[in-house]
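First the structure, in the form of structure tokens, and then the observations on it.
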Amino acid sequence: DLSYAPSPLPPPQPETQVQISPESTRLEVLEAFPKEFPNSRGMEFPPLTTLMRVRGKCTTDHISAAGPWLKFKGHLSNISENTLITAVNDEGGEVNVAFDHNHGSESAQDTIPAIGKRFKARNQPWALVVDENYGEGSAREHAAMQPRFLGCLLIVARSFARIHETNLKKQGIVPVWFADKSDYGRIDSGDVIETEGLANVLAGDTNAQITLKVTKKDGSKVEIPTRHTLSADQIKWVKAGSALNYIKEQKAATS
């Protein structure tokens, strides 16, 4: 019963066009994130290249820095240039360094956002391995939007900060927890991850386990069990590509 609710004032005008200059560096049209299912592996993720393994504390400010970057909050392409720029790479201990193991004529290492952009340009979806309490700090939505924009679909953590974990799901990224935290060091940059059991979760079995089948760079294989916290409603967000996509689908179905 919405009879008690006030009427919008002024009334909505959905026919109004929002015009943004194509030369603006501070605003751009926010495009919907793509639906990832079904794909060549059905309702499992396609093979995901591991971008990096993040060491230690990684707050939302590590993931999406504030300060002068805030002027780009309305321009996802530009603000994504700061993605994880103060994160520590566990393979070497350097800040804002990532490796490209299929670099061809390009450099073998670059900044983290630069490698993310390379993967995006190749249509290579990727995964991230992170440490304890990943995403602690503010409830910064861009800390989830930026990795998704660059092509991240899966984040594997020793543990997540609660609000950030939910924000990842809203953007269509699946967060999973290592069942055994010591498995953190078993996935390296360049390793390829395939999910097994995600299809069961997306089919509605919230108790299903997601196993990561990891192909190492030397061709050897390991299997890593994980756990997830996806609810029935959050599963709908992931299947649609994001929570906004799901809301749009529901609105279209009822209009």
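Worth pointing out:
- Among the candidates Ala32, Ala127, the residue that is assigned to a strand (DSSP E or B) and either among the small types (Gly, Ala, Ser) or within 30 Å of Ile247 (Cα to Cα) (or both) is uniquely Ala127.
- Some residue of region 138-156 being basic (Lys, Arg) and part of a loop (DSSP other than H, G, I, E, B): yes
- For region 97-115, the tally of residues that are among the small types (Gly, Ala, Ser) and either exposed (fewer than 13 other Cβ atoms within 10 Å of the Cβ) or part of a loop (DSSP other than H, G, I, E, B) (or both) stands at 4.
- Test: residue in region 119-135 that is surrounded by fewer than 19 Cβ atoms within 10 Å (Cβ to Cβ), of a type in the set (A, V, I, L, M), farther than 22 Å from His62 by Cβ and within 17 Å of the chain's Cα centre (by Cα): yes
- Qualifying residue in region 2-17 (condition: acidic (Asp, Glu), part of a loop (DSSP other than H, G, I, E, B) and without any contact (Cβ under 8 Å) to a residue 40 or more places away in the chain): yes
- Total residues in region 195-208 satisfying the condition of being closer than 11 Å to Ile224 by Cβ and not hydroxyl-bearing (Ser, Thr, Tyr): the figure is 1.
- Meeting the requirement of 2 or more residues that are open to solvent by less than 20 Å² (accessible area, probe 1.4 Å) and at pLDDT below 95, no strands (runs of 3 or more DSSP E) wholly within region 178-255 can be named.
The values are calculated or read from the model by the stated rules, or taken from the named source; none is laboratory data. Worth saying up front: this structure is predicted, and the values here are computed from it rather than measured. Ideal geometry is used to build each Cβ from the backbone, glycine not excepted, and the neighbour counts take in all protein chains shown. In case anyone asks, the SASA skips ligands and DNA or RNA and just uses the protein heavy atoms, side chains included. Shrake-Rupley method; radii C 1.70, N 1.55, O 1.52, S 1.80 Å.
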